[in-house]
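The values are calculated or read from the model by the stated rules, or taken from the named source; none is laboratory data. Please read all numbers here as calculations on a predicted model, not as lab measurements. So basically every Cβ, Gly included, is an ideal-geometry build from the backbone, and we count neighbours across all protein chains shown. To get the accessible areas, we keep the full protein, side chains included, count just its heavy atoms, and leave off ligands, DNA and RNA. Shrake-Rupley method; radii C 1.70, N 1.55, O 1.52, S 1.80 Å.
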Amino acid sequence: MKKDIILSGVGGQGILSIATVIGQAALKDGLYMKQAEVHGMSQRGGDVQSNLRISDRPIASDLIPTGKCDLIISLEPMEALRYLPYLSPEGWLVTTEEALKAELDKLPHKIVLNVNEVAKEVGSPRVANIVLLGATIPFLGIDYQKVQDSIRDIFQRKGEAIVELNLKALVAGKEIAENLM
């Protein structure tokens with residue numbers, strides 16, 4: 001099993017939180033994981049990007065070659081476009097809006113959802129990143145329970161209500177992706 005994932009967005013959207021949850025879940029699942037990230041201007045709304053490589057075998061490099069990415073997770077459609085050259089022909093894009101529909105329609109595999117709307121329905125616009133994470137569950141290759149456990153571990157210091165809200169957001173995103181596939 002090998003998954004090369006690019007997560008992209010802008011500062012403050014929670015991209016690095018998604019990377020942390022996936023990385024921790026992979027480790028809990030007994031997998032190897034390497035991560036590289038760029039977040040120099042993240043406080044000012046700048047580009048935030050993370051390469052996340054997960055495998056059942058040791059990983060040599062933390063960078064994903066062009067055309068080899070299995071999954072792009074993006075909270076910002078323009079950032080999704082920036083990383084499309086990395087997507088493999090069999091790869092999947094999971095992003096938030098249909099604003100760039102014409103360009104995205106060229107991709108054979110994609111899940112496009114309005115995470116902000118779903119997050120509000122779940123109970124808080126602040127869980128939009130976890131809704132997007134949920135939509136990636138069918139493609140991650142990591143045990144779903146491990147992802148849930150990682151959310152519990154990472155958000156437990158914020159209280160049980162926040163943990164439950166994030167778990168609800170995860171389920172909502174997962175169900176949307178499964179229905180769109």
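Data for the structure
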{"item": "Single residue of 36, 80, 119, 25 found to be among the small types (Gly, Ala, Ser), in a helix (DSSP H, G or I) and more than 21 Å from residue 168 (Cβ to Cβ)", "result": "80"}
{"item": "Test: residue in region 32-49 that is under 21 Å from residue 177 (Cα atoms) and touching a residue at least 24 places away in the same chain (Cβ under 8 Å)", "result": "no"}
{"item": "Residue among 27, 7 that is closer than 25 Å to residue 145 by Cβ and open to solvent by less than 20 Å² (accessible area, probe 1.4 Å)", "result": "7"}
{"item": "Which numbered condition residue 101 misses (of (1) open to solvent by 50 Å² or more (accessible area, probe 1.4 Å); (2) touching a Gly at 6+ places or on another chain (Cβ under 6 Å))", "result": "(2)"}
